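Bear in mind that the values in this text are calculations on the coordinates, not laboratory data. What you see is a predicted model; the values in this text were computed from it and never measured. Cβ coordinates were reconstructed from backbone atoms using ideal geometry, including for glycine residues, and neighbour counts include every protein chain displayed.
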Amino acid sequence: LSGCSSLRILPTSFGDLIHLEELNLSYCTALAELPTTFRSLERLHVLKLHRCMHLIEQVNYLANSLEHLELTSCKDINLQSNFFSYLTRLRVLDLSNCSQMEIVIGAPANLEVLILANVALPLDLNFLTQFQNLKKLDITDVILSTASAALSNLQNVFTCMPMLKTVETN
């Protein structure tokens, strides 16, 4: 359904697609609501919501089977600390180009890939230590309020991430 810019609401019957494994709603810029039946999609593993800015407040209806979630280029994301509590299978989280995003707190312990490219990060990067199973971190083009102070703490942060194999930055 990528590019369906006039799509506003998915029908409640969408939850009947019990064998759906991947859904791309990218560029559905008018989409403002997901049906509560969306949580019934127990086989949904990949969800792409690139530039779905009006949908962000409805993401609490996501299926707990998600392994890959893209919320890219969604300005003003305000993910509450309990947002990830039921997304226990999430392995890949892409929040790139979410320039006004609040920091991700309480993300699943099993998260393996975190993409924060072109995101404004706080001076204190200690929030990254919660991702102890992280294998890849992309912080390309991050915006740091005081880069030298934040980067000096980065080595300490990385020591708390024993599985980390790749860090992308510039």
Give me the extension gain from HIS19 to SER85: residue separation times 0.36 nm, minus the current Cα-Cα distance, reported in nm with one decimal. 21.4 nm
Rounded to the nearest 0.05, FRET efficiency between THR36 and ASN153 (Cβ-Cβ, R0 30 Å) equals 0.10
Using a 7 Å offset from the Cα along the Cα-to-Cβ direction at both PHE127 and VAL46, what is the distance between the two label points in nm, to one decimal? 2.8 nm
